[in-house]
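Have a look at the structure below, then the notes.
The values are calculated or read from the model by the stated rules, or taken from the named source; none is laboratory data. Just so we're clear, the structure is a prediction, and the values are computed from it rather than from any experiment. Please note: Cβ atoms are built from the backbone with ideal geometry, for glycine as well, and neighbour counts cover all protein chains shown. The area values use the complete protein model at the heavy-atom level, side chains included, leaving out ligands, DNA and RNA. Shrake-Rupley method; radii C 1.70, N 1.55, O 1.52, S 1.80 Å.
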Amino acid sequence: MQPMSAAEIRERFQRFFAQRGHTRVPSAPILATDDPTLLFVNSGMAPFKRVLTGEERRDYVRAVDAQLCLRVAGKHNDFEEVGRTPRHNTLFEMLGTWSFGDYFKRDAIHWHWELLTGELGIPHERLAATVYTDDDEAAAIWADEIGLPPERIVRWGNVALGDEKNFWSMGETGPCGPCSELHYDRGVHLSEGPHCIPDHSETCPRWLEVGNLVFMQFDRALDGTLAPLPFKSVDTGTGLERLASVVQGVDSNYRTDLFAPIIERLAQFIGHDPETVESERFSYQVVADHSRAMTFLLAEDVKPSNDGPGYVLRRIIRRAVRHGRLLGIAGPFLRETASVVIDLMGDVYPHVRDGRADILDVIEGEEEKFARTLEAGSTRLDELVGAGAVISGSDAFRLHDTFGFPIDLTIEMAAERGVSVDRAGFDAAMAEQRERSRGEKRASLKLDPQLTALRSEFIGYPNETSADRLRVLAVVPGQSTAVVLDRTPFYAEGGGQIGDRGELVGVDGRLRVDDTQRSGDATAHLGELSGEMRVGDLVRAEVDEGRRWGAARNHTGTHLLHRALRDVLGEQAKQAGSWVGPDALRFDFPAQSATSSNALREIERLVNAQVRRNAPVHAEWMKMEEAQALGADMFFGEKYLPASVRVVRVDGYSRELCGGTHVGATGQIGQLIITGESSIGAGLRRIEAVTGEPAGELVGTRLDALRSVAQLLGEREENVPKRVQALIARLREAEKAAKAPRATASRLDAAAALHGAQDAGQAKVVVQAFPDADANALRGLADDLRGMTGRFVLVAAGAAAGKPSILVAASRDLASEGFDAGAIVREAAPIIGGGGGGRADLAQAGGRDASRLDDALREAARLALEALQRIETA
């Protein structure tokens, strides 16, 4: 019997707790955008931190999730251990359950025991539990109710003495509490002596922690004091990778089906046999782990850089490249391993699949960039290693600054030859460089110690763009001079809207304002100063009026888009971020799949109906309680002043708290055109749009292009798409014939199949049996159709040499809208006594019973048409 797959374990875990009243919650993005104490989400608890402290309320009190986590920095940092041990990973999935003031220890313990021993079939005699030293309640439940013998219940921890075993916290501050860990006994043969007992530090290979039940009772302050939380909660975490190793009966995370396919692809790429793979296990595991981490970071639009998340990504990619060189790979190779990650994880995390092309291109570009300096940097490192037992911090910094060597890579390469690195010296050199690079910007806003005490009054509502007799409060010189006024019509960047540009004109000087930013309560006008401005001078302010009005149109358009989006997709499509400029707008919202083209058209229609209505737009200040009573929308953790807030209202349509500038009536927007919809991370989508003059220019450009193509083809404009589709099909066929004339006869006739296709909405549907075709021929047909036509679905069957096979394929746009070929094949395959699967856009299955191939074909076609109908009517 095949071992249970990690995908099935993930699903069983969530289904088990959903059946016990838990709401299934999608994974939050890895980037910890809402928590200033974290760079990345490093635990399942991080997205729920504000709920646990009582600062935020959800519409559920029980939750279950599979949260993507990344541990490469801060308190929880596994980067140096990755590849060396069988259980450490940078990126991992934490299967978690939550009780917010609902059930507590008894239910948490009983349910996890039932899950592990019942649902997942782990022998109960192989499990042990740990509890906090004085947690008699948890110990009694394990002993008296679960029936664990005393020798398999271990007490650890004493927070007062600095021993935090069995006491869990996410960071130096925040929610925390005693915990009870579940450990799996991997066998007495791995015991290293009497000390080998279940232990949080996992110093003995016999025991593997497979679950942690945290009983949240306290909120830890900066001084270490523990205050009771508003309510008791439960936070449990079970690493999917570790759990899979237990259920699948292997001795390492890297031998599970989450990593093994990556390692196998890498071995095939290099040409290594299994014995060689085992001898080079460390480097193989580093590459496999880092391929996962880099893929998911790139899927969230993180790009390699020298600071912040981008620097972490660069470290990960470059360490993987270096281990590729140790395996003998001279050229780019990470595209191969990242492709496997996308294939493995794309069904569960569609944003990874959607971003395939960009992810692979960025990885290859960064790989090639590092390759150009790796050899020279390695030569310099060789010289430093030969010069002494310690590499100085300044030399390590030069390796970083000149050759792009991340410090951890330098430390690792030096340690392999018995040489250490002055890490403190490197950190000091790095800090000095950062101070230099940020010096000008910091000086422009913070050099004057009195700046933070200043206050500027904004007088730019509703859309005032000029004012006179404004007094200069501060002038801060620098690469960009900063001028602070007592009053200003310049809007400082905030609420997603960019800062104004324009100029300040005084008696003896003029400031060309290139940007406007807040600094505390002061508004800083940043730009190039000609002449002189002094504190106390009176100046005239002129805002770039066209730019301001463009931003106002787009900001009101964003409010209309937000309301229409929720009307079409549901109230869960709440704003998760936005950007408002003079020429375009972006709007981010939570969603697990792409928004269909029909839904986007409906959203656009609703917005433009409000534009044509020319509804008045009002903005008024009121108390927070009044805004709440009015039903004004408040989203994504905005921190508004508690005493007074500004509500922007489109008559009869929307109300939102907002400090930005807006039009006086919706008709001033002109029109709104959605220009794109895409994934920007796990569970997050982005809509891009234009309004006003840019929208009109876009329509004109597109119409001109359509007219030109129609003239070239000699067709009416409405017939252009079909004519182009036909020409492309002919071109593809001609190209294939020219390149492989001998193979043409052995391929299935895609043109004939397309000729007999049915129309289902905008898609072509081909359902056909090819008695003499094998699996390769069916795949070739799918590839040919993909090149010949646009939106299509193929359901095909073959039985070459008596071996039945079935294939389902779809165009990638349909796959991005929710069509899942893999799911269809998995349902139809048992009819022919087989199994299979694949991606959302291509899946295949083989079987043993050719006599029932027609039945399988009909069932797959039925499922495909149902799926297509759901998409087309969405």
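Need a quick list: helices (runs of 4 or more DSSP H) entirely within the range 196-280 having at least 1 residues that are under 25 Å from the mean Cα position of the chain (by Cα). If you could, list the steps in order and put the result at the bottom.
Details: elements: 240-247, 260-270, 274-279.
Where helices (runs of 4 or more DSSP H) fall fully within the range 196-280 and carry at least 1 residues being under 25 Å from the mean Cα position of the chain (by Cα), they are 240-247, 260-270.
Just checking, does the range 149-168 include any residue being part of a strand (DSSP E or B) and among the aliphatic types (A, V, I, L, M)?
Taking the range 149-168 first, the residues part of a strand (DSSP E or B) are 153-156, 158, 163, 167-168.
Adding the requirement that they be among the aliphatic types (A, V, I, L, M) leaves 153-154.
Yes, there is a match, as at least one residue in the range 149-168 is part of a strand (DSSP E or B) and among the aliphatic types (A, V, I, L, M).
When the residues of the range 452-463 are filtered to those that are part of a loop (DSSP other than H, G, I, E, B) and in contact with a strand residue (DSSP E or B) (Cβ under 8 Å, 6 or more places away or on another chain), which remaining residue is nearest to G499 (Cα to Cα)?
The qualifying residue nearest to G499 (Cα to Cα) is G460.
Find the residue count for the range 571-617, including only residues that are part of a loop (DSSP other than H, G, I, E, B), without any contact (Cβ under 8 Å) to a residue 24 or more places away in the chain and either open to solvent by 40 Å² or more (accessible area, probe 1.4 Å) or farther than 30 Å from Q67 by Cβ (or both).
So the answer is 2.
Using the structure shown, decide if R106 is without any contact (Cβ under 8 Å) to a residue 40 or more places away in the chain and over 30 Å from M294 (Cβ atoms).
Yes.
Of all residues in the range 262-295, which are in contact with an Asp or Glu (Cβ under 8 Å, 6 or more places away or on another chain) and closer than 14 Å to S339 by Cβ?
Of everything in the range 262-295, those that are in contact with an Asp or Glu (Cβ under 8 Å, 6 or more places away or on another chain) and closer than 14 Å to S339 by Cβ turn out to be R265, L266, F269.
Conditions tested, residue by residue: (1) charged (D, E, K, R); (2) modelled with pLDDT of 95 or more; (3) open to solvent by 60 Å² or more (accessible area, probe 1.4 Å); (4) in a helix (DSSP H, G or I).
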| position | (1), (2), (3), (4) |
| --- | --- |
| R319 | yes, no, no, yes |
| L344 | no, yes, yes, yes |
| K369 | yes, no, yes, yes |
| T373 | no, no, no, yes |
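Can you confirm whether the range 831-842 contains a residue that is β-branched (V, I, T), open to solvent by less than 20 Å² (accessible area, probe 1.4 Å) and under 22 Å from Y349 (Cα atoms)? So that I can check it myself, show each step before the final result.
Applying the first criterion (β-branched (V, I, T)) to the range 831-842 yields 831-832.
If we keep only those that are open to solvent by less than 20 Å² (accessible area, probe 1.4 Å) as well, we get 832.
Subsequent filtering for residues that are under 22 Å from Y349 (Cα atoms) retains none.
No, the range 831-842 contains no residue that is β-branched (V, I, T), open to solvent by less than 20 Å² (accessible area, probe 1.4 Å) and under 22 Å from Y349 (Cα atoms).
Find the residue count for the range 799-809, including only residues that are buried (at least 22 other Cβ atoms within 10 Å of the Cβ) and either hydroxyl-bearing (S, T, Y) or in contact (Cβ under 8 Å) with a residue 40 or more places away in the chain (or both).
Going through the range 799-809 one residue at a time, the tally reaches 4.
Just to check your reading of the model, which residue among E718, E733, E693, E697 is modelled with pLDDT of 85 or more, within 30 Å of A867 (Cα to Cα) and open to solvent by 50 Å² or more (accessible area, probe 1.4 Å)?
Among E718, E733, E693, E697, only E718 is modelled with pLDDT of 85 or more, within 30 Å of A867 (Cα to Cα) and open to solvent by 50 Å² or more (accessible area, probe 1.4 Å).
Among the residues of the range 399-425, write down those that are open to solvent by 40 Å² or more (accessible area, probe 1.4 Å), among the charged types (D, E, K, R) and modelled with pLDDT under 85. Working first, answer last.
Initial filter on the range 399-425 (open to solvent by 40 Å² or more (accessible area, probe 1.4 Å)): 401-403, 411, 415-418, 420, 422-424.
Still in the list and also among the charged types (D, E, K, R): 401, 416-417, 422-423.
Correct list: D401, E416, R417.
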